[in-house]
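Written below as structure tokens is the structure these notes are about.
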Amino acid sequence: DLKRSRSSMTIMLKSRPTSILLPETLIAKLRKKAEKRGIGYQTMLKIILTEQVDQY
């Protein structure tokens, strides 16, 4: 799907909900880093996973 966002176009990939148990300390770190970037912690987690998954 294509979605027009202000003056740029972004591609929205099909997503599926998932559930994962994470330590509260890890979630707190994600929230802190995400807040500095002005994004949500789940978005931050998705960015990290996307960047790192190919290394394994």
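Of all residues in the stretch 28-50, count the ones that are within 10 Å of the chain's Cα centre (by Cα) and of a type outside the set (A, V, I, L, M, F, W, C).
Summing the residues that are within 10 Å of the chain's Cα centre (by Cα) and of a type outside the set (A, V, I, L, M, F, W, C) in the stretch 28-50 gives 6.
Okay, residues lined up against (1) at negative phi; (2) surrounded by 13 or more Cβ atoms within 10 Å (Cβ to Cβ); (3) in a helix (DSSP H, G or I); (4) not aliphatic (A, V, I, L, M):
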position: Pro17; (1), (2), (3), (4): yes, no, no, yes
position: Ile20; (1), (2), (3), (4): yes, no, no, no
position: Thr25; (1), (2), (3), (4): yes, no, yes, yes
position: Ala28; (1), (2), (3), (4): yes, no, yes, no
position: Lys32; (1), (2), (3), (4): yes, no, yes, yes
position: Lys36; (1), (2), (3), (4): yes, no, yes, yes
position: Ile39; (1), (2), (3), (4): yes, yes, no, no
position: Lys46; (1), (2), (3), (4): yes, yes, yes, yes
position: Asp54; (1), (2), (3), (4): yes, no, yes, yes
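Since every read-out is calculated from the coordinates, none of them should be taken as a lab result. On a predicted model such as this, the values are computed, not experimentally measured, just so you know. Note that each Cβ is placed from the backbone with ideal geometry, even for glycine, and that neighbours are counted across all protein chains shown.
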